[in-house]
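Below is one structure, written out as structure tokens, with a few remarks after it.
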């Protein structure tokens, strides 16, 4: 991302070109959200509303000025999902190729995309198997895939063992000093912190935030088990600074490191997922299951991979 930005600036001699890739990613993401909604048999108005809701998330808009590359990765993942839905709806075998290409591009853009690989990879594999005509090859196919997974897993484990249990700074082999109880405690604290952060007030007027934050804090403190104080400076990132310390009444800073999805996310996303899971449209139910599996596995891997709380 940094080299591409420098290359664009060198050609155009304009500092505004630094954000060109991110802004183009935003445009493609909005169009792709609209396309996915249309493939899920929503009306043009409903699809447009979905795209506009995506545009309302503060973190997405702020990512257009960031060199983290998260928006570009998310766009490639969205494109892969869009082509995957097209393939599931019998729109041609070439769409699965583009789905795989988009997924590979997301992985090569940023290592965080690896967290989405298990669910999306398995989904595309299932779709491919269902479209195969010669069913007698199934045992050989699955046997070969299982063999490759075992060999690949052994190579990864061997490489990670020689590099302190990590690959590209992503911990794959748990530290023997970290007990299961320690991980459970860390997951409990940081899951509650993520949930508190997800119920976001980002983007609202400051006076309204000041009115709503005390009620939100009171609600959480009443629901949490006794003795569990999320304000405690435990289970944080090593070398954390003051902006990375969790606080119930911490000011909501509109920055790419701190901002999340705003109020529409926690109001609409769980509702939309629930409705889709029980929809009469089969394509919507399957899409909701894949999205739910992607979220759950991604969240578990984030808890496992990160040593402590990080609002980013």
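The values are calculated or read from the model by the stated rules, or taken from the named source; none is laboratory data. All of these numbers come straight from a predicted model, not from anything done at the bench. When we count neighbours, we look across all protein chains shown, and the Cβ atoms used for this are built from the backbone with ideal geometry, even at glycine.
Side notes on the structure shown:
- When each of 219, 204, 212, 230 is tested for being at pLDDT 70 or above, farther than 25 Å from residue 306 by Cα and not in a helix (DSSP H, G or I), the lone residue that passes is 204.
- Residue match in the range 64-75 (condition: in a helix (DSSP H, G or I) and without any contact (Cβ under 8 Å) to a residue 40 or more places away in the chain): no
- Residue in the range 191-201 that is farthest from residue 305 (Cα to Cα), counting only those that are at pLDDT 85 or above and not in a helix (DSSP H, G or I): 201
- Condition met for residue 252 (modelled with pLDDT under 90 and over 24 Å from residue 207 (Cβ atoms)): no
- Filtered by the rule that a residue be more than 25 Å from residue 66 (Cβ to Cβ) and surrounded by fewer than 16 Cβ atoms within 10 Å (Cβ to Cβ), the range 287-296 gives 289, 292, 293, 296.
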